[in-house]
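Chemist: Structure provided below as structure tokens; questions to follow.
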Amino acid sequence: MKRLLMILTVMLSTTMTIMAQKMYITIDGRTEAVTLVNNSATQALVAKLQEAPVTVTLNSSGGFEIWGSLGFSLPTSNEQINAQPGDVILYSGSNICMFYGTNSWGYTRLGKIDGLSESELRTFLKAGESNISVTLSLNNTTGISQVKAGDSKSKAYTLNGTLAQTGHKGIIIKNGKRYIR
């Protein structure tokens with residue numbers, strides 16, 4: 001039985017790592033997706049984010065990035081990289097850098113922010129600002145803080161904020177209250 005549990009744990013861990021091709025960055029309530037590369041640094045980061053989201057404080061630097069300490073170290077596989085806008089990079093094993101400009105240095109690549117232009121990246125990453133609170137997570141849901149009913153026949157919603165279909169099993173929110181179906 002113990003061996004079976006160990007095998008299942010390894011399989012679940014491997015499946016979760018494979019499924020976690022995306023990481024999400026949230027700044028001031030706005031969330032953007034990052035497509036992760038597959039290396040030992042991202043695997044360790046995914047394992048850390050499976051425990052809980054990580055919030056870091058980043059600062060603008062050099063007119064091309066925001067960066068700061070993760071508060072923990074990740075494995076490195078540094079190589080000379082010409083970082084481009086949208087790149088998410090590990091620097092010195094314990095610092096995360098998010099680029100809105102370009103720079104060439106020895107980094108470990110983590111991933112790339114999906115689908116934003118350089119101008120949109122500058123806005124999202126708060127280029128030029130300091131003390132930027134950034135949350136890294138594997139989940140793109142922010143939760144529901146309040147649901148207001150429009151009438152006595154209000155609809156039920158899932159925790160993802162979508163309309164709960166007839167026969168939906170799980171936790172729903174209806175008239176501001178949580179129910180389990």
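Just so you know, all these numbers are worked out from the coordinates, no wet-lab data involved. What you are looking at is a predicted structure, and each value in this text was computed from that prediction instead of being measured. Don't worry about glycine lacking a Cβ; one is built from the backbone with ideal geometry, like all the others, and counts go over all protein chains shown.
Chemist: Taking a quarter of the surface of the Cα convex hull of segment 30-173, what do you get in nm²?
Modeler: Details: hull surface 43.5 nm².
Convex hull of Cα atoms, orientation-averaged projection: 10.9 nm².
Chemist: Tell me, what is the FRET efficiency for Lys169 and Gln50 to the nearest 0.05, using R0 = 25 angstrom and their Cβ-Cβ distance as r?
Modeler: 0.50
Chemist: Suppose every K and R has +1 on its Cβ and every D and E has -1 on its Cβ; what is the size of the dipole of segment 42-143 about the Cα centre, in Debye to the nearest 20?
Modeler: 120 debye
Chemist: Here's something else I'd like to know. Using mean Cβ contacts within 10 Å as the protection proxy, how do 51-60, 94-103 order, highest first?
Modeler: Ranked from most to least packed, the peptides come out as 94-103, 51-60.
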